[in-house]
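Below: one structure, written as structure tokens.
The values are calculated or read from the model by the stated rules, or taken from the named source; none is laboratory data. These figures come from a predicted structure and were not determined experimentally. Neighbour counts are summed over all protein chains in view; Cβ atoms, including those assigned to glycine, are modelled from backbone coordinates with ideal geometry. Note: accessible area is taken over every heavy atom of the protein model, side chains too, but ligands, DNA and RNA are not part of it. Shrake-Rupley method; radii C 1.70, N 1.55, O 1.52, S 1.80 Å.
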Amino acid sequence: MSQVVLYTIGFIISLCLALALTPFVIKFANKIGAIDKPNHRKVHTRIMPRLGGLGIYAAFVIAYFAVKPFIPEGLLRSYDTNLINALLVGGTIIVIIGALDDRFELSAKVKLLGQLIAACVVVLGFGVKIDLVNIPFGEAMQPIAAWISIPLTIIWIVGVTNAINLIDGLDGLAAGVSGIAISSILVMAAFMGSAPVILLCALLLGGVIGFLVYNFHPAKIFMGDTGSLFLGFALATLSMMGFKQVTMVSFITPLLIIGVPLSDTFFAIVRRWVNKKPIFAPDKGHLHHCLRELGFSHRRTVLIIYGIASVFGICAVLQSTIVQSDAANWITFGVILVLVFILQIGAELIGIVDKSRRPLINFLQRLVMGTQQSRSK
């Protein structure tokens, strides 16, 4: 069986499984009381079953074991096998924590402990860690010591896992953004010939798309922490391929892949710090809340964020395929500056940090006015 056929069959199996299993997950969630009730912070106005991530996870795992006997011999190296096993074992721990939270609403400390355990399993149990990094304007690949790489990898996994969880506020939002990020990794892996990553991305993408049929507005089920934590964990694990296997990728590429959830998380931290609120205190200042306040409909808000996520994904793919050279580094640096500039302008326009503070916009206005006055003289 050719690799392309294998990937396609795996995608189709996962898609069909998610379509078939999610209705049963809906009934199961309602039966055990894994439901989401409306409150002042939430957009939905009726009780909704959560635990939907269980359908994505089950579709992914079952599809993998269905295609495993047909994987050509020699296609997977030892590191590839470790990556897959790390994702399966660590992902299972994450799903268990998420499912318990969807049913019993665990404390933030307990959830964080579960995430740390899953991250440690990946790093210490399977040896999947960031041990090579490409620093812009430096030599091609720089090794980093274990005392740095181990905590750095654990922080990366936990951070990305929670970033996806934070944007799960509208029907189809977290699933769609995750799907776009997974697609970006899949395209990058295809360019680089990373067969195991392509396979894992195809299986995950099938599960996400199948689940979106029931999760897009108006949703019949939420993915809950089961889904958002699992997808965040999967993205964190898969995106590390850029550090380990690719000599032409810079440190910034994995950040671009998940640019939307990471930037939203960053602005949330700044917003809470500026307003002197606890960092982990929930609020209604996230990107999707701000867009809704500007008058965009539920569906249009989600589609706008899909578009932003797609731009980040395209930038990540382009960044990963640029041939390493001094010119390419400067281009990358310029693209990053432009993206940061656009993010800051956008954040000030929609008021994601503070609706009354617009330092960059005010500076640009003063600059334009000063230029006009100089010309008038």
Exercise for the section: Only residues that are touching a Leu at 6+ places or on another chain (Cβ under 7 Å), without any contact (Cβ under 8 Å) to a residue 24 or more places away in the chain and part of a helix (DSSP H, G or I): list them for region 78-131, please. Expected result: Leu100
Fill in the blank from the handout: Note on Ile47: of the conditions (1) farther than 28 Å from Leu287 by Cα; (2) open to solvent by 50 Å² or more (accessible area, probe 1.4 Å); (3) touching a Lys or Arg at 6+ places or on another chain (Cβ under 8 Å), unmet is (1)
Exercise for the section: Filter region 344-377 down to residues that are modelled with pLDDT under 80 and over 26 Å from His288 (Cβ atoms) and give me whichever is surrounded by the fewest Cβ atoms within 10 Å (Cβ to Cβ). Expected result: Lys377
Exercise for the section: Select, from Leu21, Leu83, Leu6, the only residue that is within 20 Å of Val208 (Cβ to Cβ), surrounded by 13 or more Cβ atoms within 10 Å (Cβ to Cβ), of a type outside the set (Gly, Ala, Ser) and in contact with a Phe, Trp or Tyr (Cβ under 7 Å, 6 or more places away or on another chain). Expected result: Leu6
Exercise for the section: Would you mind finding the one in Ala63, Ala34 that is buried (at least 20 other Cβ atoms within 10 Å of the Cβ) and in contact with a strand residue (DSSP E or B) (Cβ under 7 Å, 6 or more places away or on another chain)? Expected result: Ala34
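Only one residue in Phe211, Phe222, Phe216, Phe233 is surrounded by fewer than 24 Cβ atoms within 10 Å (Cβ to Cβ), in contact (Cβ under 8 Å) with a residue 12 or more places away in the chain and not small (Gly, Ala, Ser), so which one is that? Talk me through it step by step, then tell me what you get.
Values: Phe211 fails: surrounded by fewer than 24 Cβ atoms within 10 Å (Cβ to Cβ); Phe222 fails: surrounded by fewer than 24 Cβ atoms within 10 Å (Cβ to Cβ); Phe233 fails: surrounded by fewer than 24 Cβ atoms within 10 Å (Cβ to Cβ).
Step by step, each of Phe211, Phe222, Phe216, Phe233 is checked, and only Phe216 is surrounded by fewer than 24 Cβ atoms within 10 Å (Cβ to Cβ), in contact (Cβ under 8 Å) with a residue 12 or more places away in the chain and not small (Gly, Ala, Ser).
Against the condition at pLDDT 75 or above and within 26 Å of Leu204 (Cβ to Cβ), how does Leu238 come out, does it pass? Please lay out each step first, then the result.
Working: at pLDDT 75 or above: yes; within 26 Å of Leu204 (Cβ to Cβ): yes.
Against the criterion (at pLDDT 75 or above and within 26 Å of Leu204 (Cβ to Cβ)), Leu238 qualifies.
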